[in-house]
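No lab work stands behind these numbers, since they all come straight from the coordinates. Computed from a predicted model, the values in this text were never measured in an experiment. Glycine also receives a Cβ, built like all others from the backbone with ideal geometry; neighbour counts cover every protein chain displayed.
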Amino acid sequence: QAKQEDTAQGVRRTSPLIVSRTKRKKHHQRLPSDLMSDLSAHGFLESNGLGEQAQRILDVTGAESLDDLRLIDDAMVDEVVKEADLKLVVAKKFRIICAELRGEVAGRSVEGASVDVTGDPKNQQDDTEPQASQPEPAVQPQESGTQASEPESVVHTQEYVAICIDRSGSMRTAFKEVTLNVVEKAVAERTRLEAVKAMFYAFRDRVESLQNEGSQGGHQLGLIQFDDVVETLLGLTPELNRFEAIVDDMECRGSTAIYSSIIEAVRMLESHFHPSSKADFRVLVLSDGQSNRGDDAATALEAAHRIGAVVDSIVVGNNPDSNLRRIVTATGGECYQIENLGEGFELLESESVVSLLARRGGEDKPPFERREVAAFDGIAEKTVTSSSAVQRAPTLSSDLAAKSVVRASQLPQTQPRSASEKRLYAELAKVQEGNGIHIFPAVDDLHFWRALVEGPPGSPFEGGVFALHCVIPKDYPFKPPKINFETPIYHCNVSDSGGLCLDILKDSWSPALSVFSCLASIRCLMSDPNPQDALRQWIAELTLAHQQSGGSDTRYYDKARESCREHASLSVDEWRQRLGC
């Protein structure tokens with residue numbers, strides 16, 4: 001009965017809008033990474049259902065180890081399939097395990113294994129995800145008489161993240177919560193562990209929304225819990241729905257071995273690491289404070305440097321571990337602090353918190369260079385950042401930002417070089433000022449516009465002026481323009497980096513629409529937000545509370561007005577001077 005009540009008040013039910021919106025593929029159990037390291041190439045193939053074909057594959061490839069097998073690319077796979085005379089189902093198995101070894105599809109990592117940092121042997125079993133006594137093949141054998149399905153498409157992984165959750169006794173401490181009366185079964189008070197569980201789900205759901213928005217590749221997440229024992233609950237996987245029951249069942253106990261959890265997280269990531277890998281490797285530590293058991297901080301830092309992993313930390317409370325902050329500094333990570341659950345939700349809606357690619361402004365990961373560990377005590381402690389001070393992901397590339405623009409009425413008329421340009425000239429000729437929208441096309445590039453949108457009357461943005469930019473594809477109007485806010489706006493349908501959730505800019509686009517009509521729709525959206533199709537779920541919940549309370553719940557309006565005063569205070573004339581037109 002107690003467990004049922006806990007479930008009824010579970011973390012997920014306090015945020016009904018933060019939901020998974022994609023159907024994921026069925027998961028197959030993976031061979032634990034610590035067992036993989038002990039296998040020969042022949043043993044690895046055999047463990048994945050290729051025992052009869054293993055020797056033929058090795059004869060053709062000359063592979064002697066797992067590292068050799070990792071070198072087999074897609075073109076080489078085709079040659080092996082032909083030379084080793086692999087049948088359809090066997091060929092599919094071989095393609096998938098080769099892709100997994102290269103880190104391009106779901107990885108393999110031990111689930112339910114524990115490490116006792118006190119030195120006493122301990123084997124804990126995960127109640128929610130029982131381990132199989134024998135590893136299953138990467139692809140289940142086909143039933144007799146059935147036709148083999150086509151190979152699954154290979155998914156490029158942009159980032160591998162091992163998340164370490166503190167379950168020590170201090171996580172029982174009460175934690176502030178900003179409650180929403182409209183949320184079914186919301187609880188008035190949480191423990192720090194319950195808050196951290198909510199943070200995990202918010203991180204996971206923001207990862208999923210980024211993937212749905214079409215970011216460059218996906219994330220694979222793995223989960224580790226720690227007190228004085230470090231335990232891997234789930235290995236790296238792109239199947240984000242698998243974490244539900246596992247996280248909900250976590251309970252407080254024991255001491256705090258932060259650095260040991262980082263070392264274990266690096267072990268999890270290592271099976272996918274290669275010096276030439278373009279994917280990011282990150283350890284995210286969710287904790288309330290001080291490490292008091294297990295390995296030392298310098299050893300944890302050395303482990304992170306081994307694969308170039310970035311270590312981030314989210315501190316629940318006001319007592320961050322000083323040596324953890326040094327590790328964060330040395331690995332190029334960030335240290336965030338939240339004082340209540342609302343701050344946590346807002347923090348994790350920032351793209352730069354959830355994605356290292358976004359944090360770099362879309363730039364590729366720098367080439368791997370193993371860092372040398374300097375004198376640990378000489379490393380500066382990372383400055384702790386609050387949710388309101390998170391650096392916004394860049395919204396515009398430097399080359400576009402440098403383009404000169406003019407008022408639409410002053411654009412020099414030149415001979416259109418394409419049907420797309422002819423269409424854009426026609427649209428600009430119809431633009432009239434005085435309707436709250438001002439357009440400034442680039443002088444040397446008709447496919448790039450700056451725009452100013454005045455906050456609509458009666459909205460919390462009234463009196464503000466918001467800068468946007470429009471990048472128009474060369475095959476316009478058959479594809480929609482890409483429009484982003486440059487001025488920060490507190491709105492559930494606009495991401496922290498300025499991206500928009502608006503149907504006419506995606507699936508509902510029609511060549512009969514225009515860039516101006518899209519800007520007009522955006523202005524309407526500022527007055528009438530849609531919390532049911534949001535990019536920022538915490539703001540969506542505040543918006544929903546405002547709507548359902550008939551306006552008596554003013555938190556959304558108050559925050560939006562405050563943000564407008566802070567970021568959108570320049571007048572249209574002042575903006576024109578800044579733009580040089």
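Dividing the Cα radius of gyration of region 39-102 by 2.2 N^0.38 Å, with N the residue count, gives 0.94.
What percentage of all Cα-Cα pairs in region 398-579 are separated by more than 21 Å? Result for the distance tail: 50 percent.
Per-residue 3J(HN,Hα) values for region 550-562, derived from phi via the Karplus relation 6.51 cos²θ - 1.76 cosθ + 1.60 with θ = phi - 60°, read x, x, 6, 7, 9, 4, 5, 4, 4, 5, 5, 5, 4 Hz in sequence order (x marks Gly and Pro). Measuring r between the beta carbons of Ser409 and Ser508 and using R0 = 25 Å, the FRET efficiency lands at 0.25. Under 5 Å between amide hydrogens, built in the peptide plane, is the criterion, and for Asp280 it picks out Glu159, Tyr160 among residues at least 5 positions away or on other chains. A simple count of charges around Gln413, restricted to other residues whose Cβ falls under 12 Å of its Cβ and scoring Lys, Arg +1 and Asp, Glu -1, yields 0. If you take the Cα centroid of region 46-99 and the Cα centroid of region 430-492, the two points sit 53 Å apart. Close amide H partners of Leu234, meaning residues 5 or more places away or on another chain with modelled amide H under 5 Å apart, are Gly112, Leu223. The phi torsions of region 445-454, fed into the Karplus equation with coefficients 6.51, -1.76 and 1.60 and a -60° offset, translate into couplings of 7, 5, 8, 10, 10, 9, 9, 10, 10, 7 Hz, rounded to whole numbers, with Gly and Pro shown as x. Amide H contacts for Ser168 (H built 1.01 Å from N in the peptide plane; partners 5 or more residues away or on another chain; cut-off under 5 Å): Arg253.
Taking all Cα pairs closer than 8 Å and separated by 6 or more residues, the relative contact order of region 442-534 comes to 25 percent. Each residue of region 509-516 is assigned a 3J(HN,Hα), and the resulting list reads 5, 9, x, 6, 7, 10, 4, 4 Hz, derived from the Karplus form 6.51 cos²θ - 1.76 cosθ + 1.60 (θ = phi - 60°), x at Gly and Pro.
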